[in-house]
Amino acid sequence: MINVMQPTLGQEELDAIKGVFESNWIGKGKLVSDFEKMYAEHLGTTPDHVLSTNCCSEGLFSSMHLMGIEPGDEVIVPTVSFVGAGNAVCVNGSKLVLCDVDPRTLNARAEDIEKVITPKTKAILLLHFGGIPCEMDKIMPLAEAHGLKVIEDCAAGVWSKYNGHALGTDGDMAMWSFDAMKILVCGDGSILHFKNPEVREKADKWLYFGLEAKSGYENSVAQKWWEFDISAYGHRAIMNNVTAAMAIEQFKKLPMFMKKREAVHNAYNEGLKDIEWLDLPLPLDEGSRSSFYFYHIQLKNAKRDDLARYLRERDIYTTYRYFPLHRVPHYGVGGDFPNADYAADNTLCLPMHQSLTEEEVQVVIDKIKEFGKMYC
């Protein structure tokens, strides 16, 4: 089976984990701090703006508390979003307000967001679809005009840039994912970015029970180190040295991963460019950069499901991300979302990962063309 997503792991990660075992400290420690510093530099910022957590979804859920979103407040979310975003809003007691998206990029635009802003709107929780940047130069002025917090879900945007700077550094808060199906993987883990360092300090406590002091080692000898206080009813959602050891080794390989993923992207563009019944991904504006997390095609002839089955029967796994939240009955959010509906019915994500061989990519291209000759 040619997988749609797949991590790339090697001896380096095993050796790093072995070193953690031999240290006799597998909890949160120096390696976590080292990874946070590396990622802060990667984002072009400093460690006082960056914090790790155990998964990207925790970042979504915690964003409601950290951004001061209260029960009853409205939060705008693109209907093409990961279910974790919808759950984060609803479990907080806030009102999930969905907006439509661009039918080709699957990203929310300023005009989509503006249509659903009300006096009760307090935040926008954006998804950068597949790490493809939203038009932040239009969205941020809109948010500022209405006094709205901006939370950026950059789960798949580990390498992405917008107008020359790292994706996720425009809004008030952002999060990146390192779960098993992402580009940089460590089993589970995430980095959070905060525009305001004071919110980062608030998050540091929130993600560890709200404790004012995290361990006896941080207290002076004069204190009774087993005594403590809390500042909030926080969670326990931290990275540890095992996952950080993997993340550091993966981070070292990131440029190589991205070079391979871009090569796959370009091969698909070249191999599929003359197929009239397909739309390929749009090129990015100058100054922006993709993480090449998805390669999504769109069929013009409403035969997406047929193509997906045809490829799977030939050991090529494809998928569609993300199932629109307005089609999830449990949310109970109605409305008219024609662009998202078009995307949901016609978009297919092809195999895209750094372990794909040239031969495998060519097989995918050939089978799509074969399908077209038979059915299109």
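Worth a mention:
- Scope the range 143-173; condition surrounded by fewer than 17 Cβ atoms within 10 Å (Cβ to Cβ) and part of a helix (DSSP H, G or I); matching residues: 144, 145, 146
- Residue count, the range 233-276 (criterion: surrounded by 15 or more Cβ atoms within 10 Å (Cβ to Cβ) and part of a loop (DSSP other than H, G, I, E, B)): 7
- Near pairs, Cβ below 9 angstrom, 6+ apart or cross-chain, from the range 93-120 (on the phi < 0 side of the Ramachandran plot) to any residue that is among the aromatic types (Phe, Trp, Tyr) and in a loop (DSSP other than H, G, I, E, B): 98/337; 99/337; 100/337; 101/337
- Any hit, the range 13-33, residues being closer than 15 Å to residue 185 by Cβ and surrounded by fewer than 16 Cβ atoms within 10 Å (Cβ to Cβ): yes
- Here residue 224 fits the description: more than 14 Å from the chain's Cα centre (by Cα), basic (Lys, Arg) and at pLDDT below 95.
- Listed by first and then second residue, the pairs with beta-carbon distance under 8 Å, at least 6 apart or on different chains, first residue in the range 299-321 and assigned by TED's automatic domain parsing to the domain that holds residue 364, second of a type in the set (Lys, Arg) and assigned to a helix (DSSP H, G or I), are 310/367; 311/367; 314/367; 316/367; 318/312; 320/304.
- Positions within the range 320-340 being of a type in the set (Val, Ile, Thr) and buried (at least 16 other Cβ atoms within 10 Å of the Cβ), in sequence order: 333
- Note on the range 280-303: residues that are surrounded by 15 or more Cβ atoms within 10 Å (Cβ to Cβ), more than 18 Å from residue 351 (Cβ to Cβ) and under 27 Å from the mean Cα position of the chain (by Cα) amount to 3.
The values are calculated or read from the model by the stated rules, or taken from the named source; none is laboratory data. Keep in mind that this is a model prediction, so the values were computed, not measured. Note that each Cβ is placed from the backbone with ideal geometry, even for glycine, and that neighbours are counted across all protein chains shown.
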